[in-house]
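K.L.:
Below are the C-alpha cells for one structure; questions will follow.
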Amino acid sequence: MTAATAWERRLYLAAHPFAYPLLRGLARRGPVVRVPGVGVVVNDASAAREVLMDGDAFRKDGPGSPGDLWTPVLGPSVLLNMEGEAHRALRRRLAGLFTPATPRGCASGSSPSRSRGSRPGSRTAMPWTSPTPCGCSRAR
C-alpha cells in the first residue's frame, strides 16, 4: 500500500468511522448488493452507468429517488437530481472540468509539503497541499 493510499484510508476512517468500513464491506460483497430497508448499492462502474443512463426505469427526481435526499440540501439544479434537457445542459456547461487537463492543471500548482510542526508518518502529516482551489477558472 502506498503512503497516499494509507493516508486516504486514515482520512476516510477519521471522517466516517461507521460509514466508511460499512461501504467498503458492501463493496467486497459484489457489484450489486441489496440492503434491506435501504435499497440497492451498486459497486461496479459499468452497472452504475447502465442504471444512470436508463431514465425510464431509474429516475433521479421522483419520490424515493436520490433527489429526495439531495434537493433539500443542494437545491434543484444538481446533476444528481436532474433529468432530461436540464441535466444535459448542465453537463455540457461542466464538461471542461472533467477532462485530463483539469487535474494536471491542479497538480501543477501543488507541491509536496507537510503541515507546520507535523512529523512524517504522523496522523497530521499532509501528503501535499495546493495553494488555490482547482478548476475555478475553468468552470466559466
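The values are calculated or read from the model by the stated rules, or taken from the named source; none is laboratory data. Computed from a prediction, not measured in an experiment: that's the story for all the values here. With ideal geometry, Cβ positions are generated from the backbone for all residues, glycine too; neighbour counts draw on all protein chains shown.
K.L.:
Of all residues being closer than 30 Å to residue 28 by Cα and loosely packed, with under 14 Cβ neighbours inside 10 Å in region 80-99, which is nearest to the chain's Cα centre (by Cα)? Just the residue, please.
P.N.:
Applying the filter and picking the extreme gives 98.
Quick grid of which residues meet (1) farther than 26 Å from residue 32 by Cβ; (2) outside the structural domain of residue 34 (by TED's automatic domain parsing); (3) without any contact (Cβ under 8 Å) to a residue 24 or more places away in the chain; (4) of a type in the set (Lys, Arg):
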residue	(1), (2), (3), (4)
68	no, yes, yes, no
72	yes, yes, yes, no
77	yes, yes, yes, no
81	no, yes, yes, no
85	yes, yes, yes, no
88	yes, yes, yes, yes
96	yes, yes, no, no
101	yes, yes, yes, no
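K.L.:
Consider residue 32 carefully, then state whether it is at pLDDT below 90, over 20 Å from residue 83 (Cα atoms), of a type in the set (A, V, I, L, M, F, W, C) and surrounded by 13 or more Cβ atoms within 10 Å (Cβ to Cβ). Let's see the steps before the verdict.
P.N.:
Values: at pLDDT below 90: no; over 20 Å from residue 83 (Cα atoms): yes; of a type in the set (A, V, I, L, M, F, W, C): yes; surrounded by 13 or more Cβ atoms within 10 Å (Cβ to Cβ): yes.
Against the criterion (at pLDDT below 90, over 20 Å from residue 83 (Cα atoms), of a type in the set (A, V, I, L, M, F, W, C) and surrounded by 13 or more Cβ atoms within 10 Å (Cβ to Cβ)), residue 32 does not qualify.
K.L.:
Which one is surrounded by the most Cβ atoms within 10 Å (Cβ to Cβ) among residues in region 48-73 that are over 18 Å from residue 89 (Cα atoms) and of a type in the set (A, V, I, L, M, F, W, C)?
P.N.:
Applying the filter and picking the extreme gives 70.
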